[in-house]
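Here the structure comes first, spelled out in structure tokens, and everything after it is commentary.
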Amino acid sequence: MRQNPSFVLGETAEIKRLIRENPWATIVSHTSAGELVASHYPVILDESSEGIVLLGHVGRPDEQLHELGSHQLIVVIQGPHGYISPGWYDASGAVPTWNFITAHLYGTPELLSAEENLRVLEGLVDHFEERMPEPRRMKGTQVDAAYAERISAGTVGFRLRVTRLVAKNKMSQNKPAATVERVIAELEGDGPYASAPLAAEMRRVHDRLGR
């Protein structure tokens with residue numbers, strides 16, 4: 001991913017927030033056969049570890065397709081994004097663009113034992129179910145626990161310690177404050193490219209910049 005000094009996302013805390021809020025990841029491997037393989041799975045942070053450490057799983061036989069654990073791969077996290085019309089700018093000669101926040105996370109996965117994989121799956125379920133009015137836990141009942149243990153055999157868990165990353169947060173930081181407010185207003189409106197999540201992300205970025 002091409003980087004631009006105006007849009008670098010370098011704070012570990014912000015990258016972790018991006019992962020927490022956008023856990024649906026794209027996993028990309030370049031295999032020994034010279035093939036590119038991509039899969040999509042949810043990931044969560046290992047909150048007990050220093051740095052950025054991901055916990056996740058793949059369904060069999062994706063672990064073989066990715067040659068999981070034998071080489072470095074990329075995990076792509078994509079946050080709010082959307083089209084920005086030149087008509088939202090106050091200057092002539094403007095061109096359309098796309099605002100977005102994303103992170104490319106590199107590392108070699110460590111495969112988990114069956115027992116640890118089951119714990120990670122339980123943590124993944126808890127992570128999403130805790131927002132529900134009546135959370136359905138993976139081990140909430142004996143029947144659920146027995147079923148989860150059976151189907152977990154069809155998955156392979158992994159821990160990925162991020163050893164390199166490229167992250168970018170392009171939210172019109174290079175535009176005047178008045179233009180930024182106009183773009184946010186359009187995103188918060190009811191037009192064809194309205195996006196409340198992108199508007200909120202833009203406000204967060206510019207509030208942090210003190211603009």
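The values are calculated or read from the model by the stated rules, or taken from the named source; none is laboratory data. None of these values were measured; they are calculated from a predicted model. Note: ideal-geometry Cβ built from the backbone for every residue, glycine included; neighbour counts use all protein chains shown. These area figures cover heavy atoms from the full protein model, side chains too; ligands, DNA and RNA do not enter into them. Shrake-Rupley method; radii C 1.70, N 1.55, O 1.52, S 1.80 Å.
Structure values in brief
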read-out: Subset of region 67-88 (residues that are farther than 30 Å from V180 by Cβ, free of Cβ contacts under 8 Å to residues at least 60 places away in the same chain and more than 19 Å from the chain's Cα centre (by Cα)); value: E67, S70, H71
read-out: Residue within region 25-43 that is in contact with a Lys or Arg (Cβ under 8 Å, 6 or more places away or on another chain) and not acidic (D, E) present; value: no
read-out: Failed condition for R119, given (1) without any contact (Cβ under 8 Å) to a residue 12 or more places away in the chain; (2) more than 22 Å from I19 (Cα to Cα); value: (2)
read-out: Qualifying residue in region 89-96 (condition: outside any loop (DSSP other than H, G, I, E, B), open to solvent by 30 Å² or more (accessible area, probe 1.4 Å) and in contact (Cβ under 8 Å) with a residue 40 or more places away in the chain); value: no
read-out: Residue count, region 67-78 (criterion: open to solvent by less than 30 Å² (accessible area, probe 1.4 Å) and closer than 11 Å to S39 by Cα); value: 1
read-out: Members of region 150-166 that are part of a helix (DSSP H, G or I) and open to solvent by 50 Å² or more (accessible area, probe 1.4 Å); value: R150, I151, A153
read-out: So H81, is it assigned to a helix (DSSP H, G or I) and open to solvent by 40 Å² or more (accessible area, probe 1.4 Å); value: no
read-out: Every pair of residues 6+ apart whose Cβ atoms lie under 9 Å, when the first sits in region 54-66 and is surrounded by 15 or more Cβ atoms within 10 Å (Cβ to Cβ) and modelled with pLDDT of 95 or more while the second is part of a helix (DSSP H, G or I) and of a type in the set (V, I, T); value: L54/I19; L55/V120; G56/V120; H57/V120
read-out: Residue match in region 134-154 (condition: polar (S, T, N, Q) and touching a strand residue (DSSP E or B) at 6+ places or on another chain (Cβ under 8 Å)); value: no
read-out: Scan of region 190-211 for residues that are open to solvent by less than 40 Å² (accessible area, probe 1.4 Å), part of a loop (DSSP other than H, G, I, E, B) and in contact with a helix residue (DSSP H, G or I) (Cβ under 9 Å, 6 or more places away or on another chain), ordered by number; value: S195
read-out: Top-ranked residue in region 116-144 [being among the hydrophobic types (A, V, I, L, M, F, W, C), open to solvent by 30 Å² or more (accessible area, probe 1.4 Å) and outside any loop (DSSP other than H, G, I, E, B); ranked as modelled with the lowest pLDDT]; value: V143
read-out: Candidate set: region 171-188, residues that are open to solvent by less than 30 Å² (accessible area, probe 1.4 Å) and in contact (Cβ under 8 Å) with a residue 60 or more places away in the chain; chosen: the one farthest from L105 (Cα to Cα); value: T179
read-out: Tally of residues being open to solvent by less than 70 Å² (accessible area, probe 1.4 Å), of a type in the set (G, A, S) and either over 17 Å from G79 (Cα atoms) or assigned to a loop (DSSP other than H, G, I, E, B) (or both) across region 25-53; value: 6
read-out: Meets criteria (in contact (Cβ under 8 Å) with a residue 12 or more places away in the chain, farther than 20 Å from I19 by Cβ, surrounded by fewer than 18 Cβ atoms within 10 Å (Cβ to Cβ) and over 19 Å from the mean Cα position of the chain (by Cα)) for Y147; value: no
